[in-house]
Amino acid sequence: MERTNMTMLTDFYELTMANGYFEHGMGDQIAYFDMFFRKIPDGGGFAIVAGLEQVITYLKGLSFSEDDLNYLRSKGIFSEEFLDFLRDFKFTCDVWAIPEGTPVFPGEPLITVRGPVIQAQFVETMILLIMNHQSLIATKANRIVRSAQGRGVMEFGSRRAHGATAAIIGARAAYIGGCVGTACTLTDQEYGIPAMGTMAHSWVQMFDSELEAFEKYAELYPTNCVLLVDTYNVLKCGVPNAIKVFKEKKPQNMGIRIDSGDITYLTKRARAMLDEAGFKDCKIIVSNSFDEYLIRDVISQGAKIDSFGVGERLITSKTEPVFGGVYKLAALESNGKIIPKIKISENVGKITNPGFKKVYRLYDKGTNQAFADVITLNHERIPSGSDYEIFNPEATWKRKKICNFYAKDLRVQVFNEGELVYKSPTVYEIREYCMDQINTLWDEIKRFENPHIYYVDLSKELWELKTKLIRDLQG
C-alpha cells in the first residue's frame, strides 16, 4: 500500500486521549513535550541524532482525510464534534531540536514540542518512530566507520532491512554516521547519496567461465571495474582470473571483492598476488556480515583491506536494535506562566527533568574539546569563561565549578506557531558537521567498551526545581 500522509500512523491511545482532552475542554491547554533517550546503544560513549528532516516533512503534512474520519467514526467512540475538529486539524506548535549529526547523550531533549496538548501529544508516535530509527542507525554506522580506521564503509543492507522505508531512510542515516555510500539505488535518487556496487555471484555463474564473466564486465565498465572473486575459489582462480583481465583490458579503478572465507588470510594472500602482478593500486573490498568488532579484529590481524561493505549488522543494528527514545510531558503553560511537570519512578533513570529546557555544550577554551553538557531551564544563560557550578543529576552531592570555557546552545527552533523557520542542511552538510562534532569529543569517550562517561549535568536552578518537585510529590 502506498500512502504518503502518515497522520494515521499513530498509537490509538493518542486519538482516545485527544478525544478526551477535546470533550473536557482541555484541547487548547498549552503543553511542552520532550523527546529524549535513556541509554546509548551497545554501551557506547555517545549517540548520533538523526531524522529531523523526516520529522519536519511529517509535521508539515498533518491532516485527516475523509477516509480517516470515516474509519474513526466506525469505531463508535468518537463524537461528531471531535471528528469535525480533526477535519480542520492544523499543526500550530512550536518545535525546537538538536540538529542532525550532533553527538548526543542520555537525558538531553532532542526535540521539544510546545503547543495545544491535542497536537503536541498526538505527534509522539511518529517523532519517536523516525528519531529512534535514524538515530540508532546513524550511531551504529558511526561505530562501524570508526572501527575501519579511515577505510571506506559502504552500506549494503537493503535486502535485510525491516521494510522498504527502513532500507531507504536507514541508508540516509548510515551516510550521516559516516558511510561513504549505499547499495540502495532509491536512496541515491532521493537524497543524492552515492549508489555503489559491483556484481553478484550470479553474474559469474551466468557465463561459461569465471574468466569470461570478468572479461565481459571489464568491457562494460572500463572506468570502474571491481570483480567478485569468491564464486568458486578466491586464490586458485578468482584472483588469477582478475589479474588476467586487468592485464588484458587495462580498466581504471580496479578492485576485487571477497564476500566469504577467512578474510584476514585471503586478503593477505590476494594483496601479495596483486602486488606481484604489478597491480599495487588495485583495491580490495570485503563484505561478509561485518560489524565494528569484526572489522577491528581483522584489521588488528593485518588484513589487507581498502574498504568494507556492511549490510545486515548495520541496517538492523543487530547487536542492539532498539534506540529507546521516549516522549514525556515536561510542562504546562497557563496565562504565560510555565508550570513544570515531572514523572517520578523507583528507577532513578526514569525520573524526568521538568520544565521548558535547553541544552548547552561546554568546550575547553584551550583545546576546543567538549567536556560536559548542561541542561538548563530555557530562560537561563551560561556565561562563557566565568565560574559556573554544575550538578550531577544522578549523584546530587557531586558539584563542580568550571572556568576557562565557552558554551554553545545546541538547539535550534524549527517551527514557530506551526510555520517552518528552519532550513534543513543537505545530507552532505549534515555528514560533514557530524564528523566535525565527533572530533570535538575526547578519544576516551569513543571507546567501544567501557568508554569514559561524558557528563550531562543540570544547572543549579533546574536541579533545585527537580528536587523540590520530587519532595512535594513524595509528601
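Tabulated values for the structure
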| item | result |
| --- | --- |
| Ascending count of other beta-carbon atoms within 10 Å, so fewest first, for GLU276, GLU210 | GLU276, GLU210 |
| Sequence of GLU346, GLU190, GLU124 once ranked by neighbouring C-beta atoms within 10 Å, starting from the fewest | GLU346, GLU190, GLU124 |
| Segment 327-475: C-alpha gyration tensor shape, a/c 1.5 cut-off, then a/b vs b/c | oblate |
| Gained length - GLU389 relative to ASP11, 0.36 nm times residue gap less alpha-carbon distance | 131.9 nm |
| Where the Cα pairs of the chain fall when distances are cut into 20 Å bins, in % | 22, 46, 25, 7, 0 |
| GluC sites (Glu not before Pro) lying in DSSP loop within segment 1-104, provided at most 15 other Cβ fall within 10 Å | GLU2 |
| Relative contact order, percent, the chain [alpha-carbon distance under 8 Å, six or more residues apart] | 20 |
| Anchor LYS466: lysines whose Cα lies under 22 Å away (excluding residues fewer than 8 positions away in-chain) | LYS39, LYS328, LYS337, LYS341, LYS343, LYS350, LYS357, LYS358, LYS398, LYS400, LYS401 |
| Backbone HN-Hα couplings from phi across segment 66-81 [Karplus 6.51/-1.76/1.60, Hz, Gly and Pro as x] | 5, 4, 4, 5, 5, 4, 5, 4, 5, 6, x, 10, 10, 6, 5, 5 |
| 11 Å beta-carbon shell around ARG431, net charge (K/R +1, D/E -1) | -3 |
| Relative exposure of MET206, MET131, MET126, judged by other C-beta atoms within 10 Å (fewest first) | MET206, MET126, MET131 |
| Under 5 Å, built H, 5+ apart or other chain: amide partners of CYS93 | GLY418 |
| Cα gyration tensor shape for segment 198-287, rounded if a/c is under 1.5, else prolate or oblate | oblate |
| Extension gain from GLN149 to PHE448, taking 0.36 nm per residue of separation minus the Cα-Cα distance | 106.3 nm |
| CD proxy at 222 nm, helix term only [per DSSP H run n ≥ 4: -39500 (n - 2.57); per residue of the chain; nearest 500] | -10500 deg cm²/dmol |
| Helix 427-438 vs. the chain, principal-axis angle (Cα, 0 to 90°, nearest 10) | 80 |
| Neighbour cut-off at most 15 other Cβ (10 Å), DSSP loop, trypsin sites (Lys or Arg not before Pro), segment 237-336 | LYS280, LYS318 |
| Degrees, to the nearest 10: 239-249 long Cα axis against longest axis of the chain | 80 |
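Quick note: the coordinates plus some simple rules give every number you see, no bench work behind them. Worth saying up front: this structure is predicted, and the values here are computed from it rather than measured. Neighbour counts run over all protein chains shown; Cβ positions are idealised from the backbone, glycine included.
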